[in-house]
Amino acid sequence: MADLAITTHQLRKVYGDTPAVASLDLAVPQGEIFGFLGPNGAGKSTCVKMLLGLVFPTGGNGTLLGAPLGDRHVKARIGFLPELFRFHEWFTAREFLNFHGKLYGMSARQRKERISAVLALVNLEHTAGQQLRTFSKGMLQRIGIAQALLHDPELIFLDEPTSALDPIGRRLVRDIIRKLKAEQKTVFLNSHLLSEVEAVCDRVAIIQRGEVVRDGTLDELLAARRLLDIHVESMSAAVLERVKSQWTVATSEGNQFTLALDDPADVPRVVELLVTGGADVHHVALRHESLEDLFVRTVDDTGS
Ligand SMILES: Nc1ncnc2c1ncn2[C@@H]1O[C@H](COP(=O)(O)OP(=O)(O)O)[C@@H](O)[C@H]1O
Ligand SMILES: [Mg+2]
């Protein structure tokens, strides 16, 4: 197994009497894109803050890039885009990055070179001299990403990096994440946009009430279950009952329903049952479970 960029062991944070993070065990291999998912209030942001040393854990421990949590030397190798980034809006984009470059301890020469590089990366070179107050939400989110990447970190935390972006901006961020992976960086991505997570991540963990309820590579998680989308007209209740007696109905809405199949070879049997029962079959498609299907099922299963 590759070296681990992040590990946590029974990491815990309690506010008052309430655990925000109950007991979290994570292992994120170096060079992977890791999706950190969970319903609102699951403890994701608290966990990220503990990893970054912004919140002190109540219990447990962990490592970042091989060093114990809170190690000051490691901070210089980490980039962070917080979910709610506060901008000094009187700065121009270039001044803002220069300010952060100084905070990172970069030399004037390094700053000059890297600021040009990250502005080009997020496609904001042409507005480098513009004040941030004139920026749209999407432009601010992109300049925030530029800030997180300015010092060329090895491990990057992105908390909802695309929430304010339009489809073009999202594609840009997806390309940036892929580029980071090609440079063997590790990305810890927190996002509600599951189709995007599915498009870029190697591995995900789904947490609920501050504990991991499902984790693994996307390939192994999504290959486990096949779904059959079906659109039928004029299906009798009796036929539906027969379908239900043999297969699990994952979802249903009007004349469309989706079966969860253990064995893809069941498809002809499903169709035969419908047709011989007098239903008009308009559409049948077998597919892998999507990350969204898995997420909804996992979070429901554990009684959220
Ligand atoms: N500073 C805090 N003080 C008290 N409770 C908090 C604090 N931060 C988070 N919480 C609580 O901890 C739980 C997890 O929050 P959070 O980590 O923000 O979840 P997520 O990012 O997954 O939505 C929530 O119930 C939240 O209300
Ligand atoms: Mg959060």
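For residues that are away from ligand 2 (no atom under 16 Å from the Cβ) and small (Gly, Ala, Ser), scanning just segment 168-224, find the one that is farthest from ARG142 (Cα to Cα). Selected residue: ALA224. Here LEU69 does not qualify as farther than 13 Å from LEU11 by Cβ and in contact with a helix residue (DSSP H, G or I) (Cβ under 9 Å, 6 or more places away or on another chain).
Here is a yes/no grid of residues against (1) in contact (Cβ under 8 Å) with a residue 40 or more places away in the chain; (2) closer than 24 Å to THR217 by Cα; (3) touching a Ser or Thr at 6+ places or on another chain (Cβ under 7 Å):
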position	(1), (2), (3)
THR276	no, no, no
HIS282	yes, no, no
ALA285	yes, no, no
THR298	yes, yes, no
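The residues listed here are PHE36, PHE56; of these, the one that is among the aromatic types (Phe, Trp, Tyr) and surrounded by 20 or more Cβ atoms within 10 Å (Cβ to Cβ) is PHE36. Report, by residue number, each residue of segment 258-298 that is surrounded by 12 or more Cβ atoms within 10 Å (Cβ to Cβ), of a type in the set (Gly, Ala, Ser) and touching a strand residue (DSSP E or B) at 6+ places or on another chain (Cβ under 9 Å). Once the filter is applied, which keeps residues that are surrounded by 12 or more Cβ atoms within 10 Å (Cβ to Cβ), of a type in the set (Gly, Ala, Ser) and touching a strand residue (DSSP E or B) at 6+ places or on another chain (Cβ under 9 Å), segment 258-298 yields ALA260, ALA279, SER290.
Looking only at residues of segment 193-228 that are without any contact (Cβ under 8 Å) to a residue 60 or more places away in the chain, in contact with a Ser or Thr (Cβ under 9 Å, 6 or more places away or on another chain) and not acidic (Asp, Glu), we find that the one that is surrounded by the fewest Cβ atoms within 10 Å (Cβ to Cβ) is LEU193. A Cβ distance below 7 Å, combined with a sequence gap of six or more or placement on separate chains, defines the contacts here; from segment 151-166, residues that are without any contact (Cβ under 8 Å) to a residue 24 or more places away in the chain and of a type in the set (Ser, Thr, Tyr) reach no residue that is surrounded by 19 or more Cβ atoms within 10 Å (Cβ to Cβ) and part of a loop (DSSP other than H, G, I, E, B).
Within segment 35-58, residues that are assigned by TED's automatic domain parsing to the domain that holds ASP25 and over 11 Å from HIS192 (Cα atoms) have Cβ atoms under 7 Å from residues that are surrounded by fewer than 16 Cβ atoms within 10 Å (Cβ to Cβ) and modelled with pLDDT under 90 in these pairs: SER45/GLU83, counting only partners at least 6 apart in sequence or on another chain. Against the conditions (1) within 15 Å of ligand 1 (Cβ to nearest atom); (2) assigned to a loop (DSSP other than H, G, I, E, B); (3) under 27 Å from GLU196 (Cβ atoms), GLY31 satisfies every one except (1).
The rows are residues; the columns are (1) touching a helix residue (DSSP H, G or I) at 6+ places or on another chain (Cβ under 6 Å); (2) within 16 Å of ligand 1 (Cβ to nearest atom); (3) among the hydrophobic types (A, V, I, L, M, F, W, C).
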{"residue": "GLY144", "(1), (2), (3)": "no, no, no"}
{"residue": "ALA148", "(1), (2), (3)": "no, no, yes"}
{"residue": "LEU172", "(1), (2), (3)": "no, no, yes"}
{"residue": "ILE177", "(1), (2), (3)": "yes, no, yes"}
{"residue": "GLU198", "(1), (2), (3)": "yes, no, no"}
{"residue": "LEU218", "(1), (2), (3)": "no, no, yes"}
{"residue": "ARG226", "(1), (2), (3)": "yes, no, no"}
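For segment 200-216, a residue qualifies if it is away from ligand 1 (no atom under 13 Å from the Cβ) and either of a type in the set (Ser, Thr, Tyr) or within 11 Å of the chain's Cα centre (by Cα) (or both), and the qualifying residues are VAL200, CYS201, ASP202, ARG203, VAL204. Being on the phi < 0 side of the Ramachandran plot and in a helix (DSSP H, G or I) holds for only one residue in LEU158, LEU172, and it is LEU172.
Among strands (runs of 3 or more DSSP E) entirely within segment 181-236, having at least 1 residues that are out of contact with any Asp or Glu (no Cβ under 7 Å at 6 or more places or on another chain) and modelled with pLDDT under 95 singles out 203-208, 211-217, 226-233. Taken as a whole, segment 156-164 holds no residue that is among the polar types (S, T, N, Q) and within 23 Å of LEU64 (Cβ to Cβ).
Within segment 1-34, the set of residues being touching a residue at least 24 places away in the same chain (Cβ under 8 Å) and of a type in the set (Phe, Trp, Tyr) comprises just one member, PHE34. Could you tell me whether segment 50-60 includes any residue that is part of a helix (DSSP H, G or I), within 16 Å of ligand 1 (Cβ to nearest atom) and of a type outside the set (Asp, Glu)? Checked against the condition, which is being part of a helix (DSSP H, G or I), within 16 Å of ligand 1 (Cβ to nearest atom) and of a type outside the set (Asp, Glu), segment 50-60 yields at least one hit.
Looking only at residues that are aliphatic (A, V, I, L, M) and over 21 Å from LEU103 (Cα atoms) in segment 122-168, which one is modelled with the lowest pLDDT? Per the stated criteria, the residue is ALA164.
The values are calculated or read from the model by the stated rules, or taken from the named source; none is laboratory data. No experiment lies behind these values; they were computed from the predicted model shown. When we count neighbours, we look across all protein chains shown, and the Cβ atoms used for this are built from the backbone with ideal geometry, even at glycine.
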